[in-house]
Amino acid sequence: MATFEDFQKIDIRVGKIIDVQDFPDARKPTFKLRIDFGEEIGIKRSCAQLTVNYSKNELIDKLVLCVVNFP
């Protein structure tokens, strides 16, 4: 079980989705995302399996919470 000290080590940041692409190689419907975290961190790539039906255009400019310090 994770402790409170473990939780404090997690760096969670707010980022803005700036680009969304299909990910046809994924086993389940997935989008490739480019997320802007500002000057300190920059733009990171991620992917998302969405359980709600969002279009790619609906995701652009959405703010998301992400853990940015996983290895």
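The figures follow:
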quantity	calculated
Expected-Rg normalisation [2.2 N^0.38 Å, Cα atoms] applied to the chain	1.24
Trypsin sites (Lys or Arg not before Pro) lying in DSSP loop within the chain, provided at most 16 other Cβ fall within 10 Å	LYS9, ARG27, LYS62
Mean separation of Cα contacts under 8 Å, 6 or more apart, over the residue count of the chain: relative contact order %	38
Separation in nanometres of the label points that stand 7 Å from Cα toward Cβ, at ASP11 and ASP61	2.9
Inter-probe distance in nm under a simple model that places probes 7 Å from Cα toward Cβ, at PHE4 and ARG34	4.2
Rounded accessible area per residue of the chain, 1.4 Å, Å²	85
Qualifying GluC sites (Glu not before Pro) in the chain, DSSP loop, other Cβ atoms within 10 Å at most 15	GLU39, GLU40
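The values are calculated or read from the model by the stated rules, or taken from the named source; none is laboratory data. None of the values given here were measured: they were computed from a predicted structure. All Cβ positions, glycine included, derive from the backbone under ideal geometry; neighbour counts span all protein chains shown. Calculation scope for accessible area: heavy atoms of the full protein, side chains included, ligands and nucleic acids excluded. Shrake-Rupley method; radii C 1.70, N 1.55, O 1.52, S 1.80 Å.
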